[in-house]
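See structure below.
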Amino acid sequence: MKKRNLLVILLALAVLSASVFLSGCQKSAEKQGAAKLAGTTINVLLPPWYKFSQDMLGDFTNKTGIKVNLQIMDWDPLTDKIVTSCAAGVAPADVTEFSWDWVGKFGAAGWYEPLNKYFDEKSMSDIITRSIFQYQGNYLAIPIYNDFRVTYINKKYFDQAGIAEIPDTPQKLLEDAKIIKQKGIVDYPVSVPFSATAGTTTPWFLLTKSYGGELFDKNWEPLFEAKDSPGYQAMAFLISGLKDDKVIDPASVGYQGTDIVDRFKVGKGAIDLAGWAGSVSTYSNPKESQIVDNVQVIKVPGINGNSRTYGLQEAVGIPSASKNKEAAAEFIKYLNTPEVVEKLYNDLGIFPNHQSTISELVKEKKLPDVMLEVMPTIQPLFPQGAPKWYTAFETDVATTMNQMAKGELTLDQGIKHIADNSRKLVKE
């Protein structure tokens, strides 16, 4: 019996030793694979909110020997460059931004490298939004920004106006903004962009959800034309807020989404209506913000107090035409390491896609508890999935809203144009 027990122990030790040996071999192989890429330079193309520090890029180079040439472009020219380059069979960069609404179009065109060969399900199990970037079973990109919308208020201005209750409906929010303006506390309390850029569409899309509606039915028929529809009321909130109630700065016709953040963090505005989730890091950082002690995150106000928001997840992918796919994959892996995920949130306000990081940040009080309340209210912008013509629709909405803000179109004319154009897009 003792001999049998000894044999079992020896077999167990042998299995354990083999496991340790194989694990060591695997890690060694991975290191050797990365070492072969040393000296490679990859081009990375991203929008302005990903201004990675040189220290971070240097850390990646020290670990892999791969150098990174980071190019930052505003959203619209970045999108144009990616589409035109890929359509011409040229890589816009080795790693690029990849938005949630590009999956269908880019997947059908074969513009991006399937990443399954570089990332298995186990390595991605903590990334809670990964399925959004699947096309026919392949991951076209790996999420790095869990971008959803929340509302921020400057509590100091609310207190000065004698407003004790946190607004939980769009109408209450507007009433509070009027009070703050009337009392001379802030000239333009509601902060939203109105330039002819993509960020201008977000407040309208968000408010449509807030008013309890959707933009389209399941057959892509517009639902925002009737004056009692949520979509119409949402647009009326914005245009009337600018033109009639004057709680929105007329200069906003030139503001982009990043301008709203820059202004709000220095106290120019009482309400960031459709704020990025990650802005909580910026607004609470004393090195960047003047409202650290006054900013408060609230759930997006909704009809009857029923909060709804939506996600605009962002990822990074590798164009099929890239000549440095393996090195590009190493950079994406690096961006998804736990320490870098947390650093991106702390330094840049990039809200994590990793459930473990979110839980840890809340535990460490680096994220407010309300964020956990917001998570269940996040919905897709389109319940039926993003249409292939979404980018064209978004561009038209932004341009039309800018024209309405400038007085070139009335509210009714703008709504009719958006509806008519969307019907044309569906038929194309």
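The values are calculated or read from the model by the stated rules, or taken from the named source; none is laboratory data. Computed from a prediction, not measured in an experiment: that's the story for all the values here. Here the Cβ is made from the backbone with ideal geometry for all residues, glycine too, and neighbour counts use every protein chain on show.
Which one of these does VAL374 not meet: (1) free of Cβ contacts under 8 Å to residues at least 24 places away in the same chain; (2) closer than 26 Å to ILE132 by Cβ? Here VAL374 clears every test but (1).
Answer with yes or no whether THR169 is β-branched (Val, Ile, Thr), within 22 Å of LEU206 (Cα to Cα) and assigned by TED's automatic domain parsing to the domain that holds PHE331. Answer is no for this residue. Within segment 284-306, can one find any residue that is under 16 Å from the mean Cα position of the chain (by Cα), over 25 Å from GLY39 (Cα atoms) and of a type outside the set (A, V, I, L, M)? Within segment 284-306 (the criterion being under 16 Å from the mean Cα position of the chain (by Cα), over 25 Å from GLY39 (Cα atoms) and of a type outside the set (A, V, I, L, M)), the answer is no, since none of the residues qualifies.
Output the residue which, of all residues in segment 185-217 that are among the hydroxyl-bearing types (Ser, Thr, Tyr) and assigned to a loop (DSSP other than H, G, I, E, B), is modelled with the lowest pLDDT.
THR197
With respect to the conditions (1) of a type in the set (Asp, Glu); (2) exposed (fewer than 15 other Cβ atoms within 10 Å of the Cβ); (3) within 19 Å of the chain's Cα centre (by Cα), GLU408 lacks only one, and its number is (3). For segment 253-261, does any single residue satisfy the condition of being farther than 19 Å from VAL190 by Cβ and touching a residue at least 60 places away in the same chain (Cβ under 8 Å)? Checked against the condition, which is being farther than 19 Å from VAL190 by Cβ and touching a residue at least 60 places away in the same chain (Cβ under 8 Å), segment 253-261 yields no hits at all. Report whether or not SER191 is surrounded by 23 or more Cβ atoms within 10 Å (Cβ to Cβ), touching a Leu at 6+ places or on another chain (Cβ under 9 Å), not aliphatic (A, V, I, L, M) and not assigned by TED's automatic domain parsing to the domain that holds SER356. Spelling it out, SER191 is indeed surrounded by 23 or more Cβ atoms within 10 Å (Cβ to Cβ), touching a Leu at 6+ places or on another chain (Cβ under 9 Å), not aliphatic (A, V, I, L, M) and not assigned by TED's automatic domain parsing to the domain that holds SER356.
Can ASP347 be described as charged (D, E, K, R) and more than 30 Å from SER123 (Cα to Cα)? So ASP347 fails the test. For ASP293, the conditions (1) surrounded by fewer than 17 Cβ atoms within 10 Å (Cβ to Cβ); (2) within 18 Å of ASP347 (Cα to Cα) all hold with the exception of (2).
Within segment 93-108, not a single residue is farther than 30 Å from LEU206 by Cα, over 22 Å from the mean Cα position of the chain (by Cα) and surrounded by fewer than 23 Cβ atoms within 10 Å (Cβ to Cβ).
Condition check ((1) closer than 30 Å to GLY39 by Cα; (2) in contact with a Pro (Cβ under 6 Å, 6 or more places away or on another chain); (3) surrounded by fewer than 20 Cβ atoms within 10 Å (Cβ to Cβ)) across all residues:
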residue	(1), (2), (3)
ALA321	yes, no, yes
ASN324	yes, no, no
THR337	yes, no, yes
HIS354	no, no, no
VAL374	no, no, no
GLY385	no, no, yes
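A count restricted to segment 57-81 and to residues that are in contact (Cβ under 8 Å) with a residue 40 or more places away in the chain and either surrounded by 17 or more Cβ atoms within 10 Å (Cβ to Cβ) or touching a Leu at 6+ places or on another chain (Cβ under 8 Å) (or both) stands at 7.
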